[in-house]
């Protein structure tokens, strides 16, 4: 089972410098339901490759000199390079780096299928630019390749396309943004059974996994959890009553952005 999520399992995003904080990780469920974060190979510099548990959501279209160095090494998304090298290049040659594709997907005033990234760039021709949908697809292709490079050779049934694949999306993603995400999934060549899951629910499932086997004094008294989105991150906590719930919110958080009730799976 493959989960592609934002962050490192905490399902958080930060509102400041949003595109610089977005990360994508791949979780593999195995054995008795424990999960593992897959290390993702990516370019760190034009001459060095590194592995990281996160993949920065930046795409870099290298100049010819850099392209010659990295071409044919198996870590490029077509002509683009994803990850740390692209993130580094964002401050050096911003006109050649596309980012924030996911944020653009929910920008209703923009044509998300039109090639306008990198936004405002004069370094690339219109033909060289890419759409937010295609940018997300390139990042997903990189993750798919990372999985197959590690597991596909282990035998039948280990290939990426044979896994149960779930991609988490923000709770704020409406139907249009989810359709665009699925379009990127299709563009990336993911199998048709790939599904989307809202981040609050994914965070809830992750919380259940982390608490499995622990002594939970509230588990026998309720079958739901209040999920709270506050300020710069999400928090998941159990509460004994609505009174203690609201006390927790106002005493610890200061203000409230969103509240969700997430049912415990049967």
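The values are calculated or read from the model by the stated rules, or taken from the named source; none is laboratory data. Model, not experiment: these values are computed from the prediction. Positions of Cβ are generated from backbone atoms using ideal geometry, with glycine treated the same way; all protein chains shown enter the neighbour counts.
Sort out which residues of the range 131-185 are part of a loop (DSSP other than H, G, I, E, B) and without any contact (Cβ under 8 Å) to a residue 40 or more places away in the chain, and write them in order of number. Spell out the reasoning first.
In the first step, residues of the range 131-185 are kept if they are part of a loop (DSSP other than H, G, I, E, B); the result is 131, 155-159, 163-164, 170-174.
Answer for the range 131-185, where residues must be part of a loop (DSSP other than H, G, I, E, B) and without any contact (Cβ under 8 Å) to a residue 40 or more places away in the chain: 131, 155, 156, 157, 158, 159.
Just to be sure I understand, how many residues within the range 80-103 are modelled with pLDDT of 90 or more and not in a helix (DSSP H, G or I)?
Result for the range 80-103: 8.
If you go through the range 65-79, how many residues are closer than 19 Å to residue 124 by Cα, in contact with a helix residue (DSSP H, G or I) (Cβ under 9 Å, 6 or more places away or on another chain) and part of a helix (DSSP H, G or I)?
So the count comes out to 1.
One line per residue, one yes/no per condition, for (1) touching a residue at least 24 places away in the same chain (Cβ under 8 Å); (2) within 12 Å of residue 62 (Cα to Cα):
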{"site": "84", "(1), (2)": "yes, no"}
{"site": "96", "(1), (2)": "yes, yes"}
{"site": "99", "(1), (2)": "yes, no"}
{"site": "102", "(1), (2)": "yes, no"}
{"site": "110", "(1), (2)": "no, no"}
{"site": "114", "(1), (2)": "no, no"}
{"site": "118", "(1), (2)": "yes, no"}
{"site": "123", "(1), (2)": "yes, yes"}
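Hey, does the range 1-12 have a residue that's exposed (fewer than 13 other Cβ atoms within 10 Å of the Cβ), modelled with pLDDT under 90 and touching a helix residue (DSSP H, G or I) at 6+ places or on another chain (Cβ under 7 Å)? Steps first, please.
The initial filter retains those residues of the range 1-12 that are exposed (fewer than 13 other Cβ atoms within 10 Å of the Cβ), namely 1.
From the residues that got through so far, the ones that are modelled with pLDDT under 90 too are 1.
In the following step, the residues that additionally are touching a helix residue (DSSP H, G or I) at 6+ places or on another chain (Cβ under 7 Å) were identified as none.
Checking the range 1-12: not a single residue is exposed (fewer than 13 other Cβ atoms within 10 Å of the Cβ), modelled with pLDDT under 90 and touching a helix residue (DSSP H, G or I) at 6+ places or on another chain (Cβ under 7 Å).
Looking at (1) surrounded by fewer than 23 Cβ atoms within 10 Å (Cβ to Cβ); (2) modelled with pLDDT under 95, which is the one condition that is false for residue 139?
Residue 139 satisfies all of (1) surrounded by fewer than 23 Cβ atoms within 10 Å (Cβ to Cβ); (2) modelled with pLDDT under 95 except (1).
Can you name the number of the only condition in (1) buried (at least 22 other Cβ atoms within 10 Å of the Cβ); (2) at pLDDT 85 or above; (3) not in a strand (DSSP E or B) that residue 119 fails?
Every listed condition holds for residue 119 apart from (1).
Suppose the filter is free of Cβ contacts under 8 Å to residues at least 24 places away in the same chain and out of contact with any strand residue (DSSP E or B) (no Cβ under 9 Å at 6 or more places or on another chain); does residue 72 pass it? Explain how you work it out, then say what you get.
Values: free of Cβ contacts under 8 Å to residues at least 24 places away in the same chain: yes; out of contact with any strand residue (DSSP E or B) (no Cβ under 9 Å at 6 or more places or on another chain): yes.
Yes; evaluated as a whole, the condition is true for this residue.
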